[in-house]
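The structure appears right after this line, and notes come after that.
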Amino acid sequence: MTYLVGIPVIAFLVAMQSSLVSHLRLLDGRPDLVLLAVVGWALTGRGREAMVLGFMGGLLLDSYSLVPLGWTASVLVVVAVLVSYSEGRFWGVNPLMQLAAVLVASVLFHLAGILVVLLMGRELDLTLAFSRVVLPSAFLNLLLALPTAQLADALRNSLFPPPVTG
């Protein structure tokens with residue numbers, strides 16, 4: 001059931017991130033909707049599903065970018081594994097921990113992007129990349145982190161209602 005809903009949602013988020021959201025920027029940073037969705041779903045304690053959704057979303061994102069196919073998918077799977085490692089018990093307890101999860105995931109995601117640019121032989125000013133892309137993107141992701149976590153939790157509760165005890 002998760003994939004029946006999740007894969008179209010991820011595909012929609014990829015389309016939104018590649019078209020509309022790419023124009024919403026702070027310096028050169030943009031919010032990462034797919035990353036936020038994967039982290040939000042992993043925060044609900046459904047890590048395996050978050051990994052699959054991250055892999056699918058990453059492949060779709062790679063098809064819109066110049067990075068090697070599978071690079072973003074691999075990074076999103078690693079992010080889902082790291083966030084879901086505690087099965088929702090650690091990050092999901094406190095909203096500040098959710099923000100910390102998004103901050104760590106955002107920085108890791110963009111560091112992987114910088115690494116692939118360097119591995120492709122391109123020159124890159126690391127100071128400029130951090131100040132104009134990584135930090136603004138992390139800030140925008142933090143602004144969207146709590147609403148994303150709440151939406152993911154509401155979606156999880158509607159797809160998988162808690163058992164009724166009587």
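Summary table
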read-out: Rel. contact order, % - alpha carbon contacts under 8 angstrom, at least six apart, the chain; value: 29 percent
read-out: Gained length - residue 146 relative to residue 104, 0.36 nm times residue gap less alpha-carbon distance; value: 13.7 nm
read-out: Neighbour-count ranking [beta-carbon atoms within 10 angstrom, fewest first] of 2, 44; value: 2, 44
read-out: Contour excess over end-to-end distance, with Cα ends at residue 81 and residue 20 and 0.36 nm allotted per residue; value: 19.1 nm
read-out: Kyte-Doolittle mean at least -0.5 and Cα axial length at least 24 Å: DSSP H helices in the chain; value: 47-64, 95-119, 135-159
read-out: Cα centroid separation, segment 24-61 to segment 106-166 (Å); value: 6 Å
read-out: Modelled FRET efficiency - R0 22 Å, residue 158 with residue 65, Cβ distances, 0.05 increments; value: 0.10
read-out: Distance histogram for segment 1-131 (every C-alpha pair counted, 10 angstrom bins, percent rounded to whole numbers); value: 13, 43, 35, 9, 0
read-out: Net charge of neighbours whose Cβ lies under 11 Å from the Cβ of residue 75, counting Lys and Arg as +1 and Asp and Glu as -1; value: -2
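Read-outs throughout are calculated quantities, based only on the coordinates presented, and are distinct from any laboratory measurement. Remember, it's a predicted structure, so these values are computed and weren't measured experimentally. Virtual Cβ from ideal backbone geometry, glycine too; neighbours counted across all protein chains shown.
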